[in-house]
Amino acid sequence: EPEVTQTPSHQVTQMGQEVILRCVPISNHLYFYWYRQILGQKVEFLVSFYNNEISEKSEIFDDQFSVERPDGSNFTLKIRSTKLEDSAMYFCASSETVNSPLHFGNGTRLTVT
Amino acid sequence: AQSVTQLDSQVPVFEEAPVELRCNYSSSVSVYLFWYVQYPNQGLQLLLKYLSGSTLVKGINGFEAEFNKSQTSFHLRKPSVHISDTAEYFCAVSEMRGSQGNLIFGKGTKLSVKP
C-alpha cells in the first residue's frame, strides 16, 4: 500500500537555525497537510496546501513557517528561525480529494536545543 | 470553535476483554468524526469515521464507534481486544463545511492490553 514518507525521522537543531522537514506524499494525492504534536499535548493542525498554495492555516503557522512543493513529489515545511518551543513531532499527511481520509507519515521528531 | 475531550489518558485492559474509549466533542456547527490509531514509532492511521447515515460505524481491526448527537459523544468500542491493539487512540473532528483535512484532535488515550 502506498505510504507518506517523511525524512529525517529525527532532526536536532540549534535555536535560531533554519530547518526543513521533508515529506513525500502519496503520488496521486492532491491535498497536503502538516500537523505537529508537542510532547504530551494534542496533535495540532498547522497548514493545508492545494494547487501550489496554502488553502488553510492555523494560528500556530506564523511567519516563521512556510511550506513548499518544490517539485512533483516533495512537500516541505520550513521553520526559519527555530525556537525551543518548536520542539515537537511533525506529521505530514496527504489526501486524494478534499473529502478523502488523510494518510499520515511516521513523523519527524524535531528537537531544538 | 470545536474541541475534543478524551476523558481517559490511559486504559489498561486484559486480552480478550471488551474495551470502550470515550470521546466527547463540542462544536457550534455540524462535524465529521474520526478515530485514529498510532502504533509505536508510526504515523496516525484512520480506524473509522462518521460522515452521515447510520450512527454505528464499523472500522478496521474489529473496532466500532457510535455517534450520539444528543450526548455529543463518539465512543470507540471493541468486544475483545488483542495484545496487538496496544497503541494510542485519537478522536478527532472536522467541520462539515470545511475540508476533512483540518482536524481537531483529542489528547489521545493509550490502550495497554495485557496478557
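We did not get these values from a lab; they are worked out from the coordinates using the rules stated. Every value quoted in this text rests on a predicted model; they were computed, and no experiment measured them. Cβ placement follows ideal geometry from the backbone for every residue including glycine, while neighbour counts extend to all protein chains displayed.
Taking Cα pairs under 8 Å and at least six residues apart, what relative contact order does chain A come out at, in percent? That works out to 39 percent.
Computed about its Cα centre, the charge dipole of region B:3-114 is approximately 220 debye, with only Lys, Arg, Asp and Glu carrying charge at their Cβ. By the count of neighbouring beta-carbon atoms within 10 Å, fewest first, A:Val98, B:Val93 end up ordered A:Val98, B:Val93. A simple spin-label model places pseudo-atoms 7 Å from Cα toward Cβ; at A:Glu85 and A:Leu39 they are separated by 1.7 nm. Considering the zone a paramagnetic label at A:Thr113 would reach in this model (a point 7 Å from Cα along the Cα-to-Cβ line), which residues of region A:8-22 have amide N under 18 Å from it? Within reach of a label on A:Thr113, which here means backbone N under 18 Å from a point 7 Å along Cα→Cβ, region A:8-22 contributes A:8-20. Distances between placed amide hydrogens fall under 5 Å for A:Thr5 paired with A:Val24, all partners being 5 or more residues away or on another chain. DSSP beta bridges in chain A, what fraction antiparallel, as a percent rounded to 5? Rounded to the nearest five, the antiparallel share is 90 percent. Under the combined filter of DSSP loop state and at most 14 neighbouring Cβ atoms within 10 Å, region B:13-83 retains these trypsin sites (Lys or Arg not before Pro): B:Lys69.
Spin-label pair A:Val98-A:Asn74: with each label point 7 Å from Cα along the Cα-Cβ axis, the two points sit 2.9 nm from one another.
Listed values for region A:48-54 are Karplus-derived 3J(HN,Hα) couplings in whole Hz (6.51 cos²θ - 1.76 cosθ + 1.60, θ = phi - 60°), namely 10, 9, 8, 6, 6, 8, 5, and x replaces Gly and Pro.
When each of A:His10, A:His103, B:His75 is scored by the number of other beta-carbon atoms lying within 10 Å, the sequence from fewest to most is A:His10, B:His75, A:His103. Counting beta carbons within 10 Å around each of A:Ser73, A:Ser100 and listing the fewest first gives the order A:Ser73, A:Ser100.
Distances between placed amide hydrogens fall under 5 Å for A:Gln11 paired with A:Arg109, A:Leu110, A:Thr111, all partners being 5 or more residues away or on another chain.
Pairs exceeding a 30 Å alpha-carbon distance, out of A:Lys83/B:Lys49; A:Lys83/B:Lys69; B:Lys69/B:Lys110; A:Lys57/B:Lys110; A:Lys57/B:Lys49: A:Lys83/B:Lys49; A:Lys83/B:Lys69.
Of the trypsin sites (Lys or Arg not before Pro) in region A:65-107, the ones in a loop by DSSP (not H, G, I, E or B) with at most 14 other beta carbons within 10 Å are A:Arg80, A:Lys83.
Taking all Cα pairs closer than 8 Å and separated by 6 or more residues, the relative contact order of chain B comes to 37 percent.
DSSP beta bridges fully contained in region B:3-114 are about 85 percent antiparallel. Here the Debye sum runs over all C-alpha atoms of chain B as equal scatterers in vacuum, and log10 of I(q)/I(0) at q = 0.22, 0.23 Å⁻¹ comes out as -1.25, -1.36.
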